[in-house]
Amino acid sequence: MKLSLASSPHQHVRRDTGAVMRLVCYAALPGILAQVVFFGWGVLVQLILAGITAVAAEAVILMLRKKPIKRTLQDYSAVLTGLLLAISIPPLAPWWIIVLGTCFAIIIVKQLYGGLGFNMFNPAMAAYVMLLISFPVQMTNWLPPQSLVENNASLLDAVWVVFTGYTVEGYSVAQLKVDIDGISMATPLDHVKTALMSGQTVAEATNVSFMYGTTGAGWVWVTLAYLFGGLALIQQRVITWHIPGSMIAAVALVSLLFYVVSPDNYASPYFHLINGSVIVGAFFIATDPVSASTTPRGRLVFGALIGFWIVIIRIFGNYPDAVAFAVVIMNMAVPLIDYYTQPRTYGHRA
Amino acid sequence: MAITPSFDTVMERLKRQDLWQFPGGVHPPGQKSLSNTTAIARVQLPEVLYIPVRQHAGLEGSVCVEIGSQVLKGQPLTYSNAPYAVPIHAPTSGVITEIGEHTSAHPSGVPELTITMRPDGNDTWTELFPIHHYQHLDKNALIERICDAGIAGLGGAGFPTHIKTSSTKPVEFLIINGIECEPYISSDDRLMREHAWQIRQGVDVLNHLLSPKCIVIAVEDNKPEALKALNIACEDNQEIQVVSVPTVYPAGGEKQLIQVLTGREVPRKGLPNDIGCVMFNVGTCFAIADAIFSGKPLLERVVTLTGTALQKPQNVWALLGTPVSHLLSYAGYMPHNQNEQQVIMGGPMMGFSITSLDTPVVKITNCLLAPAKNELPSAADERACIRCGFCTDACPASLLPQQLYWYSKAKDHDKTQEYNLFDCIECGACAYVCPSEIPLVHYYRKAKAEIRNQRDENDKSEKAKQRFEARKARLLEEKRLREEKHRLAAEQRKQAMAKDGSAQDKIAAALARAKAKKAKTAAQTEAVEQPIDAPQKSAESSTVKDKQAKVAAAVARAKAKKAEQTTSAQSQPASEKLDKQAKVAAAVARAKAKKARKQAEAEQGVKQETDVIDPTATDETTAAPGKKAKVAAPVARAKAKKAAQKAAQSEPAEAENDAASVAEVNDKEPPKEKTAEQIKREKVAKAIAKAKAKAKQNKSGENAE
C-alpha cells in the first residue's frame, strides 16, 4: 500500500492569492459605486475596458512565455491592476487611454519583469505615470460631480464619449465639464493649484460654489467610500495598517507643517487628505504587496515617505496630484528599505 | 536582546496573569473536540512490536538482549552507555524475534535498528523497585533512575530528561508545558484531565531535583477542564502557578512559551537554562512520577488518534513500538474516505506523513492524524510569491520567511544564513498563511541540509588542507634545520682552523684513528660476513684464516696434551680450586683429544678415499682392500664433496673462534718448538681442522661432546 507523502505543514489557510486579489477588488466596490453616483457611468465603461484588456494582455503574454494561462489568470492580479488603473483615470478618457495604459501595466511593467511577484513597480501606477506624462490633456479631463454639471451623461452617452469623444447628442468632454454657471470645472486640487499660482490665497481659492457646497461634496463621498473599503481590508487582514497608517499620517503631518507656517499659501491637511487619491492610494495602491516593503518597520517607512512625497510634489510640482509619482519613487527604494529594516530575530541582540 | 525582565517583574505579572506575547503566530482551527471527549482507552496487545533502539534526540543505547530472548515487561532491552543515551524497555512480556532494520518513525522513513518482539500475551512484569522517599535519596540516584527509566521529552523533541534535570545552573523558573498548541492533538489535554495528580507528583520530583524559585504550569485557554484539574491538584502548593495562556500557534514551542511566561528570550546559541528556565512537558512529568513512585520505566504513552477518516477518533495508551496500523484499525480507519492514503504522525502543522503503516509509535509520537477528503487542503502547486508579507507577520521568530525563501530557492546560502535561517523553528506558520501555497518550511529544511552538508565537506577539505600545509611546513623546517646545522658545522670548522693550526693535525689524527678503527672492525666483521656476501673473496682470505686455524688447532692440541699430562701428574696435591679447574680442563682436554683422535682417523679415511679416487694410486692398493674400497669409493666421494662444501662455509667462522682462543693461549703459552716440528704439526692441524668441520656437521657427535 502506498501512502502519500507531503511536507509539513499539512494545514493551510484557504485564502490563496486569487482570493486575496478578489477581496481587494470587492473592497473597492463602495468607492466605485460612489464614483458612479457622483461622476457618472464613465468609470464603469473604463472598468470593463480595463478588465478585458488586462486579461487578454496577460493571456497573450503568458502564452508567449509558455506559462500556465488559466492557473495564472486565476490569481486575479491582472484584473486588479486594470481596476486600479480604471478608477484612477478620468472617467470619460478615450478608450485607447485605458487600453494602452493597461497593456503597458501588464505587459511591460509586470510580465517583462518576470510576472507577478517580480515586478519592481506598481503596474497600475507606473502605467498611470506613463499616461499622464504622454497624454496630459486626456489624463486631466476630470468631470465635476454630476449634481453640478449642466449636461448629465447617460450610460450610453458615457460609452459613446469613451469611444468617439462625443455623447449621443454630440457634446464633447469639454462641454460636459461646463457647470450650471457655464464655467469649465476642474478638480479641487487642480483648481486650488491654479488659483494659488495666480496669486490667490487658499481661502479665496476654496471659496467656490463647486468645492464643498451642500451638494458638491462628491469628492468627499468617494474618498470616504474608499476609506470604508480600505478599513474592511485591514479588518479582513488582507493588508496591515502600517502602510496606510503611516502614509496618511505623513500627508497630514507634512501638510500641517506647511499649513502652520503659512495658511494662506498652503492648503490644510484636511484638504490634502480628502482630495485627490491619497486615501485610495493609501489603502489600495501603496499596499500592493509585490512592490511595497515587506518588513513591519519597512512598511512604516515606505508609507511615510510616500506621504511625504505626495505633499511635496503637490505643493512644488507641476502636477496637481502626486500619488502615482510618490508610489513609483518609493517602489525604487523598497529593496533598500527592506534591507535596513530587518526585524530583530528571536534570541538575537539588537 | 530586549531587556530581560527580572524575576520579581515576571512573578508580579504571572500573578496578575498579565503575560507577554511572542510576535506573529497563527490561529489554525483547533479540531481538538474530535478526539478529546472520551477517556484515554487501552488497546489490546498488538501481534508484534517494533521497538526502535533510538527513540529520542541523542544516542542509542547498547542492545543487551538476543534474538530468542524471553523478556519480561519493563525489562531493559538496551543500556545507556553515554550521557545522551537513553535505554528502551520491553513494553510487555514476550520473545525477541528479530534485531534489525525497520522503518523508522522519521519523515524519511529510513530503516533504523529496531528490536522486534512478539508479545506472549501474559504481560508479566519484571521486578520493579519503587522509591518511596525520594527526598531522602541522593539526587544523582534519582537522576540515574530517570535515565534508566528511558525518559525523554514526550512533548515532541525527545531530549533526554536526565540531562535537563542535572542542570547545574540556577533555575528560576521550572516551566511545565501543557500548551499543546498544535491543532487536532489532545493527548496532553486528556492526560492532564485524567492524571493531574500524577503530573503533580512528577512536578514535585523535579522541584526537589532542580530547586527552582518558581514553578509555572502553563495550559492554553482552550483546555479549561485540564486547567481546572491541575488547579485542584496544585491547590496546596502556593509556589506552583497554574497559568492560562492565550491560544495561538505555536505558543507551545519551548522558546515561545518562555517568552510568553517570562518575557525572556533564549539567546541565539544558548539554552533555556542560560536565562534561568527549564521546561518539561506534562507527559514527561507523568513518566517521571511513574519511574520514581512505581519504578516503572517508560513503556507507553498517550497517542491521539484523530482525523475524520477514523470512525472513532480518540486517545489511547499505546505501547512504544506498536505499529501504526494496529492503532488505526482500532480506531476504525477508513482509507476510502481519503483522497489518497495519508497518515500524519504528529499534528497538521509540524507532523510528517509516514511512509509505511508498519511504522512504530515511539516516545515522541503524540498523534496519528488520518485526514478525510477535503479535511486538509491537498498540496497544490505553489504559485509565485507576491511578497504579501503574511509570512513575516506570522513568524514567531521574527524572521523574514519570504527573503529566506528567495535565497533558499536560489541556493544563496550565505544570504540565507545572513537572514538567520538557522533560527527557524520550522513551526510552519509561514507556510500555513502563504496565499501562494509555497511549501516554505520544505525549502528551509532543504537549505539547512545543504548548508550542513556543505559545512561537513568544507570541514573535511579544511582538515586535509591543514594536514598538507603542516606537512609542507614540517619538511621545509627540517630542510632549513639541516642546512643550518651544516652551515654552523662548516663555520665552526673554519673558525677552529683559523684559530689553531694544530687543529688540522688533530682532525687528521682523529680521522686517521677513525679510519683505523673502521678498518679493524671491518676486518672483524668481514670474517663473519664473508661467506655470505663474498664467496670469491673468502677463498683469498681463507688461506690466511687457514693458517690461523692451523696454528690454533696445533695450540689446542698441545694444550690438550699438556693438560693430560698435568692432570695425571698433579691431580692429587693441587688445591681445591686448582683441582676443579684442572678437572674441567682435563675433561675438556680429554674430549678435545678424543675428538682430535677421531678426526685423525677420519682424516686418514678421507685420505684413503681420495687415494682410491686417484687413478694412479689404484694399482698400488688393489690387493687387499680392493672390493671394500670400490664400494666405499662413491660414498666417500660424495661425503668428501659435501664435507668440502661445508668446510668452505663453516671453516672461517670456526677458525675465528679458534683464533680467539689461540690468542688467549698464545699470551700465556707461546709455542716453543714451532720451527722443529712445524711441518708435521701443520699437516696434523690441517687434518684436524677438516675433521672439525665435518664434526660440526655431525650434530650428534657435537652433542656428545
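Read-outs: derived from the displayed coordinates by stated rules, not from any lab. In this text, all values refer to a predicted model and were calculated from it rather than measured experimentally. Positions of Cβ are backbone-derived with ideal geometry, glycine not excepted, and every protein chain shown enters the neighbour counts.
Things worth noting here:
- In region B:144-302, inverting the average of 1/r over every pair of distinct C-alpha atoms gives 15.4 Å as the Kirkwood radius.
- DSSP H segments from chain A that extend 18 Å or more along their own axis, Cα-based, with Kyte-Doolittle mean of 1.0 or above: A:17-39, A:42-64, A:218-235, A:242-261, A:296-316, A:323-340
- Highest-fluctuation residue, A:G199, A:G218, A:G82 considered, GNM on chain A with Cα pairs under 10 Å: A:G199
- What the Cα convex hull of region A:1-79 gives, in volume per residue, is 122 Å³.
- Calculated on the Cα set of region B:298-351, radius of gyration then Dmax: 11.3, 36 Å.
- For the residue pairs A:K110/B:K446; B:K518/B:K550; A:K70/A:K110; B:K363/B:K448; B:K15/B:K269, alpha carbon separations beyond 19 Å are given by A:K110/B:K446; B:K518/B:K550; B:K363/B:K448; B:K15/B:K269.
- P(r) weight above 24 Å for region B:234-373, C-alpha pairs, percent: 48
- Among B:F293, A:F163, B:F390, B:F129, a tally of other beta-carbon atoms within 10 Å of each Cβ gives an order, fewest to most, of B:F129, A:F163, B:F293, B:F390.
- Peptide B:436-445 shows a mean partner chain C-beta count of 3 within 10 Å per residue C-beta.
- Sorted largest first, the principal axis extents computed over the alpha-carbon atoms of chain A equal 82, 51, 32 Å.
- Principal semi-axes of the equivalent ellipsoid, √(5λ) from the alpha carbon gyration tensor of region B:44-122, are 20, 15, 10 Å from largest down.
- For region A:286-326, the equivalent ellipsoid derived from the alpha-carbon gyration tensor has semi-axes of 22, 10, 5 Å in decreasing order.
- Take each residue in B:417-428, count the other chain C-beta atoms within 10 Å of its C-beta, and the mean is 2.
- Under the Debye formula (equal points on every Cα, no solvent term), log10 I(q)/I(0) of region B:389-487 at q = 0.18, 0.21 Å⁻¹: -0.80, -0.96
- Separation of the B:R471 and A:F316 label points, Cα + 7 Å toward Cβ, nm: 7.0
- Kirkwood-Stokes translational diffusion coefficient of region B:127-176, alpha-carbon pairs, 4 °C, 1.567 mPa s, µm²/s: 105
- At 0.890 mPa s and 25 °C, Stokes diffusion of region B:293-423 via Kirkwood alpha-carbon radius, µm² per second: 141
- Relative to its residue count, region A:220-350 spans a Cα convex hull of 114 Å³ per residue.
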